[in-house]
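Data first, discussion second: the structure below is written as structure tokens.
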Amino acid sequence: MLFGSSSKKFVGIDFGTRSIKIVEIENSKGEANLVNYGQVVLDKEKDLLEEKYDGDYSNLLKKALGVLLKKMKLSSKKVSVAIPAFNGLVMVADFPIMTEEELAKAIKYESRKYIPASLDDVNVSWEIIKDSKSEEEGNNGKMKVLLVAAPKTEVQYYDALLKGTGLEVELLELETFSLARILSRNFKGENLMLVDVGAKTTNLVLMVNNSVRINRNIDVGGIDLTEAISDNMNISSKRAKEMKESGKNLFSGSLALKFPSVDYMISEMKRMIKLQGIGSLDNIIVAGGSSEMVGFLDYLQKQLNFPVEKADPMKYIKSKFKNKSGQLVGLDSSYCVAAGLAMHGIDDK
Ligand SMILES: Nc1ncnc2c1ncn2[C@@H]1O[C@H](COP(=O)(O)OP(=O)(O)OP(=O)(O)O)[C@@H](O)[C@H]1O
Ligand SMILES: [Mg+2]
């Protein structure tokens, strides 16, 4: 007879630029149940931490994390953490068809061709893209390999952030792959674009046959949307943020404004599609807090002419949490990275 439970809990922590988000998921016979979730806003102005911001960002993160952990009382000790996309590199390179062992050697000796840093300073992982071998003839005997690199200092950075919390980093991955894990689940089409519009940055991920092909991280996000409203309407940033979150459509109709940051996002998406020689996208899934902005998704759809939908992490996770009116509630689209991290416990265990 076996004692103990067969279920296990998994925690994902997303250190965003606006907030830290944590999701805890339980693997119950292969199904994902939401156990716990929460976020803390990194507001330098507000006295959340009961003392003034001293200019040390990692100190602010550490303190904010402490506040959130105290509130959440996680039951797991091992956690998965996301590395911001702008701190990593994702690329697909062609290699002659060879075995995995040969490939490992080739990458070790030829990494400089692909990665602009020494292997002493970066961690590199790789994966042969499925099906690329079977296209042998069309590919002139080549296979496509996904290479992912992140600075080794990231490991030390997150270890230091978690020091003293009782938590331990079990998995550290680029947020791009956390997003892909949750948002491309059950996706049956061929070409998929994931767009995570955060506060400061937007992560664009192009996937082909459920595997990441290219990743671009651009310096535009919710803050730029607020700024555009403030400039266009000649109102303060505070008022502009309220306006942005008011539910009014600022993309079309009588209040329609110009959002250069969104047009830049669109032009980058078009460039990525063109670079990969892709004719059309089967779907665009938009995550991040800014995806809540009314009219934004319709604008993307009109400009790009591909289907656009808002990311819903709860499509794959069961919730037991209810709001005051008794409706089931859970993670919104800003929790995709944290949810995707925790979901590794469903897929890999
Ligand atoms: N209802 C809403 N309407 C419009 N914008 C919103 C709404 N709710 C949140 N936002 C915006 O979403 C942004 C925060 O998104 P998110 O939580 O995904 O950011 P983050 O992950 O902390 O940032 P980053 O990914 O850039 O590090 C803010 O700019 C906020 O103003
Ligand atoms: Mg984010």
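Is it the case, given these coordinates, that Glu173 is within 16 Å of ligand 1 (Cβ to nearest atom) and in a strand (DSSP E or B)? Yes: the conditions hold for Glu173. Looking at Val220, Val195, Val205, which one is more than 9 Å from ligand 1 (Cβ to nearest atom), in a loop (DSSP other than H, G, I, E, B) and closer than 17 Å to Glu268 by Cα? Of Val220, Val195, Val205, the one residue that is more than 9 Å from ligand 1 (Cβ to nearest atom), in a loop (DSSP other than H, G, I, E, B) and closer than 17 Å to Glu268 by Cα is Val220. All of (1) of a type in the set (D, E, K, R); (2) under 26 Å from the mean Cα position of the chain (by Cα); (3) farther than 29 Å from Leu61 by Cα; (4) surrounded by 13 or more Cβ atoms within 10 Å (Cβ to Cβ) hold for Lys142 with one exception: (2). Those residues that are within 16 Å of ligand 2 (Cβ to nearest atom) and in contact with an Asp or Glu (Cβ under 9 Å, 6 or more places away or on another chain), I need them from the range 251-289; list them, please. Those that are within 16 Å of ligand 2 (Cβ to nearest atom) and in contact with an Asp or Glu (Cβ under 9 Å, 6 or more places away or on another chain): Ser261, Ile285, Val286, Ala287, Gly288, Gly289. Residues that are in contact (Cβ under 8 Å) with a residue 12 or more places away in the chain, farther than 22 Å from Lys248 by Cα and out of contact with any helix residue (DSSP H, G or I) (no Cβ under 6 Å at 6 or more places or on another chain) within the range 322-340 comprise just one, Ala338. Restricting the range 305-328 to residues that are of a type in the set (A, V, I, L, M, F, W, C) and surrounded by fewer than 22 Cβ atoms within 10 Å (Cβ to Cβ), which is nearest to Arg18 (Cα to Cα)? Applying the filter and picking the extreme gives Met314. crowded, with 18+ Cβ neighbours inside 10 Å, within 16 Å of ligand 1 (Cβ to nearest atom) and not in a helix (DSSP H, G or I): does that describe Leu331? When the stated conditions are applied, Leu331 passes them.
Being polar (S, T, N, Q), within 15 Å of ligand 1 (Cβ to nearest atom), closer than 18 Å to Thr202 by Cβ and assigned by TED's automatic domain parsing to the domain that holds Asn203 is the requirement here; does Ser290 meet it? It is true that Ser290 is polar (S, T, N, Q), within 15 Å of ligand 1 (Cβ to nearest atom), closer than 18 Å to Thr202 by Cβ and assigned by TED's automatic domain parsing to the domain that holds Asn203. Just to verify a result, which residue in the range 1-18, among those that are within 16 Å of ligand 1 (Cβ to nearest atom) and crowded, with 19+ Cβ neighbours inside 10 Å, is modelled with the lowest pLDDT? Ranking the qualifying residues of the range 1-18, first place goes to Gly16.
Among all positions in the range 201-215, there is no residue which is of a type in the set (Lys, Arg) and either surrounded by fewer than 18 Cβ atoms within 10 Å (Cβ to Cβ) or outside the structural domain of Met272 (by TED's automatic domain parsing) (or both).
Considering only residues that are surrounded by 13 or more Cβ atoms within 10 Å (Cβ to Cβ), over 21 Å from Asp219 (Cα atoms), of a type in the set (S, T, N, Q) and in contact with a Phe, Trp or Tyr (Cβ under 9 Å, 6 or more places away or on another chain), which ones fall in the range 263-303? The answer is Asn283, and nothing else. Screening the range 208-217 for residues that are touching a residue at least 60 places away in the same chain (Cβ under 8 Å) and part of a strand (DSSP E or B) and picking the one that is nearest to ligand 2 (Cβ to nearest atom) gives Asn217.
Yes or no, residue by residue, for (1) touching a strand residue (DSSP E or B) at 6+ places or on another chain (Cβ under 8 Å); (2) of a type in the set (A, V, I, L, M); (3) under 14 Å from Met193 (Cα atoms):
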site	(1), (2), (3)
Asn232	no, no, no
Glu242	no, no, no
Gly247	no, no, no
Ser252	no, no, no
Leu255	no, yes, no
Tyr264	yes, no, no
Ile273	yes, yes, yes
Gln276	yes, no, yes
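The residues of the range 77-131 that are part of a strand (DSSP E or B) and within 11 Å of Val145 (Cα to Cα), listed by number, are Val90, Met91, Val92, Ala93, Asp94, Phe95, Pro96, Ser125, Trp126, Glu127, Ile128. Of the set (1) surrounded by 14 or more Cβ atoms within 10 Å (Cβ to Cβ); (2) touching a residue at least 24 places away in the same chain (Cβ under 8 Å), all apply to Pro260 but (1).
The values are calculated or read from the model by the stated rules, or taken from the named source; none is laboratory data. Note that the structure is a prediction, hence the values are computed from the model and not measured. Using ideal geometry, Cβ is built from the backbone for each residue, glycine included, and neighbour counts are taken over all protein chains shown.
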